[in-house]
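The next block holds one structure in the form of structure tokens; read it before the comments.
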Amino acid sequence: MGNSKSGALSKEILEELQLNTKFTEQELSTWYQSFLKECPSGRITRQEFQTIYSKFFPEADPKAYAQHVFRSFDANSDGTLDFKEYVIALHMTSAGKTNQKLEWAFSLYDVDGNGTISKNEVLEIVSAIFKMISPEDAKCLPEDENTPEKRAEKIWGFFGKKDDDKLTEKDFIEGTLANKEILRLIQFEPQKVKEKLKEKKP
């Protein structure tokens, strides 16, 4: 997608990314240069994505979460992200509009990609998020959400679903928009990603 081999971003991709994200031309160009330095092929593998993601969380273990984030943004499921997919991933997890974020969050929680979310899938993503929470932060969590199991139970309870029920994308987005608590519980880390991104911006 675009001039991945040259040192400059194609005008089309640059314009599209500026339109779809809040990043400036300068930021995008700088990121593209460092992206090419890390990934000369112009594509980033799951392993490389995990390594880059780990730099945002030196005090935690974001590998599992990074894998899920990678899966949700690998639009064509080819096992790599190009620069456009990569920037949109960074934007969506940090600065996207609420509705965009929720569409993304749905694809993140829909681990098997079948179009619905089960309670087990919620637990899988919440467990990955917990690996990224530092022990100090974990101590500050309320009693009823201080383990992945408790947090998944709380999220599922807010949706009013039975254990073996499934959530559609519509249920997920409407339920989350109607309840700020769900929004807080499902996006505990992206707020931190936002802070880390601000620190790391070129």
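Among the residues here, residue 120 does not qualify as modelled with pLDDT of 90 or more, farther than 24 Å from residue 97 by Cα and outside any helix (DSSP H, G or I). Quick one: is residue 77 modelled with pLDDT under 90, within 15 Å of the chain's Cα centre (by Cα) and surrounded by fewer than 18 Cβ atoms within 10 Å (Cβ to Cβ)? Criteria not met by residue 77. Selection of first residues in the stretch 153-172 that are assigned to a strand (DSSP E or B) and of second residues that are at pLDDT 95 or above and of a type in the set (S, T, N, Q), restricted to Cβ pairs under 7 Å at least 6 apart or on distinct chains, gives the following pairs, ordered by first then second residue: 166/116; 166/118; 167/116; 168/116. Of the helices (runs of 4 or more DSSP H) contained entirely in the stretch 1-81, those carrying at least 1 residues that are over 26 Å from residue 129 (Cβ atoms) fall at 11-20, 25-38. When you check residue 22 against the structure, is it surrounded by fewer than 14 Cβ atoms within 10 Å (Cβ to Cβ) and touching a His at 6+ places or on another chain (Cβ under 8 Å), yes or no? Yes, satisfied. So how many residues does the stretch 140-149 have that are open to solvent by 50 Å² or more (accessible area, probe 1.4 Å), at pLDDT below 95 and part of a helix (DSSP H, G or I)? Total satisfying the criteria: 2. Applying the condition of being surrounded by 14 or more Cβ atoms within 10 Å (Cβ to Cβ) and closer than 18 Å to residue 91 by Cβ to the stretch 40-56 and asking which residue is modelled with the lowest pLDDT yields 56.
Does any residue of the stretch 88-97 turn out to be touching a helix residue (DSSP H, G or I) at 6+ places or on another chain (Cβ under 7 Å) and of a type in the set (D, E, K, R)? Checked the stretch 88-97: no residue is touching a helix residue (DSSP H, G or I) at 6+ places or on another chain (Cβ under 7 Å) and of a type in the set (D, E, K, R). Between 112, 137, the distinction of being open to solvent by 20 Å² or more (accessible area, probe 1.4 Å), of a type outside the set (Ser, Thr, Tyr), at pLDDT below 95 and in a loop (DSSP other than H, G, I, E, B) belongs to 112 only.
Each row is one residue, and each column tells you yes or no for (1) assigned by the TED database to the domain that holds residue 182; (2) more than 16 Å from the chain's Cα centre (by Cα); (3) over 27 Å from residue 177 (Cα atoms); (4) not aromatic (Phe, Trp, Tyr).
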position	(1), (2), (3), (4)
19	no, yes, no, yes
22	no, yes, no, yes
25	no, yes, yes, yes
29	no, yes, yes, yes
51	no, no, yes, yes
58	no, yes, yes, yes
85	no, no, no, yes
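Each residue in the stretch 101-140 was checked for being among the small types (Gly, Ala, Ser) and in contact with a strand residue (DSSP E or B) (Cβ under 9 Å, 6 or more places away or on another chain), and 2 of them qualify.
The values are calculated or read from the model by the stated rules, or taken from the named source; none is laboratory data. Keep in mind that this is a model prediction, so the values were computed, not measured. Note: ideal-geometry Cβ built from the backbone for every residue, glycine included; neighbour counts use all protein chains shown. Each accessible area value is taken on the protein alone, full model and side chains, heavy atoms only, with ligands, DNA and RNA left out. Shrake-Rupley method; radii C 1.70, N 1.55, O 1.52, S 1.80 Å.
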